[in-house]
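Here the structure is laid out as structure tokens; the discussion comes afterwards.
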Amino acid sequence: MTVRIDDYRSAVENHWCPGCGNFGILEAVKKSLVQLDLPPEKVVVCTGIGQAPKLPHYLRVNTFNGLHGREVASATAIKCAAPDLTVLVHAGDGGAYGEGGNHFLHAIRRNIDITLVVHDNKVYGLTKGQASPMTTRGTKAKIHPHGVPSNALNPLALAIAQNCGFVAQCMSARGDHLAATLSAAIRHKGFSLVHVLQPCVSWDKVHTYAYYKEHCYELGADYDPGDRMKALELVLAEGDRLPLGILYRTEQPTFEDLALSHLDAPLRDLPVDSGRIERLMPKFQ
Ligand SMILES: Cc1ncc(C[n+]2csc(CCOP(=O)(O)OP(=O)(O)O)c2C)c(N)n1
Ligand code: SF4
């Protein structure tokens, strides 16, 4: 089979602001799915609400567009029912780490084989630039004129500390690097986090393309992603140098291996015995 970029082209009109970093992420996702030779019918993209979650509207692919912050939950259910599908989650930093923060933590523990791509634009973009979990403390804007009082989250440190099997950071304008990292994340067996730095040209005038060009650097071939302490040291370092690449990687049994391997067939293909609940209920009465 040879999948082409056009197989993923959607006819839906795009509503992102011109120059938004989401465009780079969308193109890199297409490139990665083509690199992996994955046909659209084998891919599901789960999203919630926001600018990032519009991504599957612009991609001809299966999608489940649910509640804000619940995108990992729907992806988990779909992967359990149909393990043969490639399941991606696209969420904003608000959806992934704010409303969906609890799902993020527990998906790492569960290690289900899905890929979470977080579009980190450092704001709640769709609702006009309120502070998100990634907004730097002290940031002033019309909506928080006295400066944001809370510290920003460090999701990369959280994920590595929790032994997440695949943790990467990318930048939306570095398309080839992002596509290659997404392909590695999708190939990884287990939960993978790809945290993508993405300029919001409308609501964040600090984290611009020029800012990321100045502060980002790609990890070299001599970097060992198997070294957890080194990875933690990198993501906990003070300062404004931003490492890009696979920060940490380790193999471990997946949720499917541990909790679903006793099934005779994928949940999707098992017969539904609707009388079973009625027969069970008397035992609890
Ligand atoms: C549970 C819930 N909380 C809040 C909202 C309102 N809301 C919708 S989109 C959004 C902001 C989205 O920001 P983010 O997830 O960072 O994505 P972005 O738009 O920046 O890509 C908010 C607050 C909602 N729809 N549901
Ligand atoms: S508001 Fe920001 S995140 Fe949303 S489309 Fe515009 S530039 Fe992109």
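A few points about this structure:
- Candidate set from region 84-103 (those that are within 16 Å of ligand 2 (Cβ to nearest atom) and hydrophobic (A, V, I, L, M, F, W, C)); member that is farthest from Ser132 (Cα to Cα): Ala91
- Scanning region 10-53 for residues that are basic (Lys, Arg) and either without any contact (Cβ under 8 Å) to a residue 12 or more places away in the chain or out of contact with any helix residue (DSSP H, G or I) (no Cβ under 8 Å at 6 or more places or on another chain) (or both) yields a count of 1.
- Whichever residue in region 80-130 is more than 15 Å from ligand 1 (Cβ to nearest atom) and β-branched (Val, Ile, Thr) and, among such residues, is surrounded by the fewest Cβ atoms within 10 Å (Cβ to Cβ): Thr86
- Of residues in region 19-58 being away from ligand 2 (no atom under 16 Å from the Cβ) and assigned to a strand (DSSP E or B), the one surrounded by the most Cβ atoms within 10 Å (Cβ to Cβ): Cys46
- Residue among Val44, Val29 that is hydrophobic (A, V, I, L, M, F, W, C) and touching a Lys or Arg at 6+ places or on another chain (Cβ under 9 Å): Val44
- Each residue in region 224-276 was checked for being acidic (Asp, Glu) and in contact (Cβ under 8 Å) with a residue 60 or more places away in the chain, and 2 of them qualify.
- Cβ pairs under 6 Å, 6+ apart, first in region 124-152 and under 14 Å from Gly94 (Cα atoms), second in a loop (DSSP other than H, G, I, E, B) and at pLDDT below 95: Gln130/Ile143
- Considering region 187-209, and only residues there that are more than 16 Å from ligand 2 (Cβ to nearest atom) and surrounded by 23 or more Cβ atoms within 10 Å (Cβ to Cβ), the residue that is nearest to Glu256 (Cα to Cα) turns out to be Gly190.
- Test: residue in region 124-133 that is more than 16 Å from ligand 2 (Cβ to nearest atom) and not small (Gly, Ala, Ser): no
The values are calculated or read from the model by the stated rules, or taken from the named source; none is laboratory data. Values in this document were obtained by computation on a predicted structure and should not be read as measured data. All Cβ positions, even for glycine, are placed from backbone atoms using ideal geometry, and neighbour counts span all protein chains on display.
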